[in-house]
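Right, one structure below, let's go through it.
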Amino acid sequence: VTTAPSDRVQRGSANNPFTLASPERVFELVASGARARSNKNLLVYIHVPFCTSKCHFCDWVVGYATADLVDRGELQSRYVESLCAQIAAYAPVLRDLGYTVTNIYWGGGTPTRLSPQYMARIFDTLAEHLDLTGVVEHTAECSPETVTREHLDVLVARKLNRVSTGAQSFDPAILRKMGRAHGPEQIRSAMQSFRDAGLQNFNIDLITGFPDQSNETSLASVREAIDAEVPHVSFYMFRDFAEDLVAIKQAKTGTRSQSSKTERAATYFAAKALFEAAGYEEYIVGYFAREPRFRFDSEDYYFSLRGDYFGFGAGAGGVLGRHALKSGVPSRYGNSNVREFAAEPLPLYAGAMDRMPDVLYTDGYFKAFATKTGINFDRWYDQFGFSFHRFRDERPGIARWFAERILQGAEFVEDSEGIKLTPDTWIETMMWRR
Ligand code: SF4
């Protein structure tokens, strides 16, 4: 599906804070906000919307057909070309605004669903247009059945220093129920290939609280990760918000059984105890690092409001010069129209941060409450261009968000520097985050 640019131009309105803008127009919109910022760090995100299969719990890749998600042919090749064209068009904007790239993150989807040659082409386009000598963390997501030694060699040669793989569980029956395209043996061999490629830092994602996943099954996977000395584990509570997920429908019709929230929380805390007994630290809710050097810097960057970020690709978003930017459907990350992006990659939706809806903050930037330091008021002002206090006072929806959390047991502490959850309530509150 392609649409002529003139048909797609939309202007922001009272209900729609976004305008569809060309690279030149994006530059005009963000320039004064970017120049007013004191922190000019930049995280670059590369969105690859292809996977081997559609997992039953996944609410990240939405808005396009499964046939497009699993494509390995013509759509993929057009996508790579369009992504490179988008990089070539926006990199000068980022450079001219004085940003320094400190973090690179490949997400999706499954970036290693692309061939090593395609990944090299995308990275080399980025390196051609932006100075990457200041990058401290370069991470690529992968799934165990797609990542090859060639992928790792090509990326490590390009300063990749971290990979993150969606393991989810070491239990073959649970993996099947999740609709994963791999078994436990492929996770084990992927972890070995990370080590063989010289990557000291890697992450595996593990889910808990999935329908039919018992307490014992969750904890067995945690024990295996600990025994394998995995440097970093992202331990996620299954998110049961999206009504149209296969797993949620199955739980609703009784095909799968779901344990109570109390039981799921107890499993989470039992896993936390296992990690901590083995020396792991939960430095952000759900993020367990075996040593401080294995912490996930790009997530801390985003959660802690440590700088602007710019996303390349069909469903990527960003914040630049106190404006939100988004490819594809503006409502949320991952919601994309891959074919439309492949046909016309340059226009981005752009809108001033002070006009963004509450949900962008409550589901997005309030993830800062998953960190130990919470929201720092100076960083908030620098990133968004208005004070946190004014924001909270003027928006009833934000006051409601705080009131609901407090009713559920959350306790916030606030001083002149910022606001955070108390050590007793931050995990209980943020383990259920969207
Ligand atoms: S591989 Fe990841 S992004 Fe792709 S469908 Fe599964 S969970 Fe979603």
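Tabulated results
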quantity: Positive-pole candidate from GLY107, ILE204, ASN15, dipole of the chain, charges at beta carbon; calculated: ASN15
quantity: Contour minus Cα-Cα distance for LYS252 and GLU281 (0.36 nm per residue); calculated: 6.9 nm
quantity: Anisotropy class of the chain from Cα gyration tensor, a/c 1.5 cut; calculated: rounded
quantity: Sorted peptide list for 348-355, 180-187, criterion being average Cβ within 10 angstrom, highest first; calculated: 348-355, 180-187
quantity: In the range 156-278, lysine pairs closer than 28 Å at Cα, eight or more apart or cross-chain; calculated: 7
quantity: Ellipticity estimate at 222 nm from DSSP helix runs (n ≥ 4, -39,500 (n - 2.57)) divided over the chain, nearest 500; calculated: -11500 deg cm²/dmol
quantity: Rounded, prolate or oblate (a/c below 1.5 giving rounded, otherwise prolate when a/b exceeds b/c) for the range 354-415 by Cα gyration tensor; calculated: oblate
quantity: In Å², nearest 10: area of LEU130 left accessible to a 1.4 Å probe; calculated: 10 Å²
quantity: Max mean-square fluctuation residue, GNM over the chain, Cα-Cα springs under 10 Å, options ARG264, ARG395, ARG37; calculated: ARG395
quantity: Cα→Cβ-extended label distance, 7 Å offset, between ASN16 and VAL359, nm; calculated: 1.6 nm
quantity: q = 0.09, 0.19 Å⁻¹: log10 I(q)/I(0) that the Debye formula gives for the range 96-254, counting C-alpha atoms only; calculated: -0.34, -1.16
quantity: Whole-percent carbon and sulfur share, accessible surface of the chain, 1.4 Å; calculated: 51 percent
quantity: Two-site label geometry, ASP378 and ASP227: point separation in nm, points 7 Å out along Cα→Cβ; calculated: 4.8 nm
quantity: Approximate spin-label separation GLU185-GLU216, in nm, with each point projected 7 Å along Cα-to-Cβ; calculated: 2.5 nm
quantity: Most to least packed among 142-151, 40-49, 422-431 [average Cβ atoms within 10 Å]; calculated: 40-49, 142-151, 422-431
quantity: Rounded, prolate or oblate (a/c below 1.5 giving rounded, otherwise prolate when a/b exceeds b/c) for the range 71-156 by Cα gyration tensor; calculated: oblate
quantity: The chain, relative contact order [Cα under 8 Å, separation at least 6], %; calculated: 20 percent
quantity: Beta bridges per DSSP with both ends in the chain, % antiparallel, nearest 5; calculated: 45 percent
quantity: Residue of THR253, THR125, THR52 that the Gaussian network model of the chain assigns the largest fluctuation, springs spanning Cα pairs under 10 Å; calculated: THR253
quantity: Electrostatic dipole magnitude of the chain [Cβ: Lys, Arg +1; Asp, Glu -1; Cα centre; debye, to 20]; calculated: 520 debye
quantity: Extension gain from ASP393 to THR66, taking 0.36 nm per residue of separation minus the Cα-Cα distance; calculated: 113.4 nm
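The values are calculated or read from the model by the stated rules, or taken from the named source; none is laboratory data. On a predicted model such as this, the values are computed, not experimentally measured, just so you know. Cβ sites come from the backbone with ideal geometry, for glycine too, and all protein chains shown count toward neighbours. Heavy atoms of the whole protein, side chains included, go into the accessibility calculation; ligands, DNA and RNA do not. Shrake-Rupley method; radii C 1.70, N 1.55, O 1.52, S 1.80 Å.
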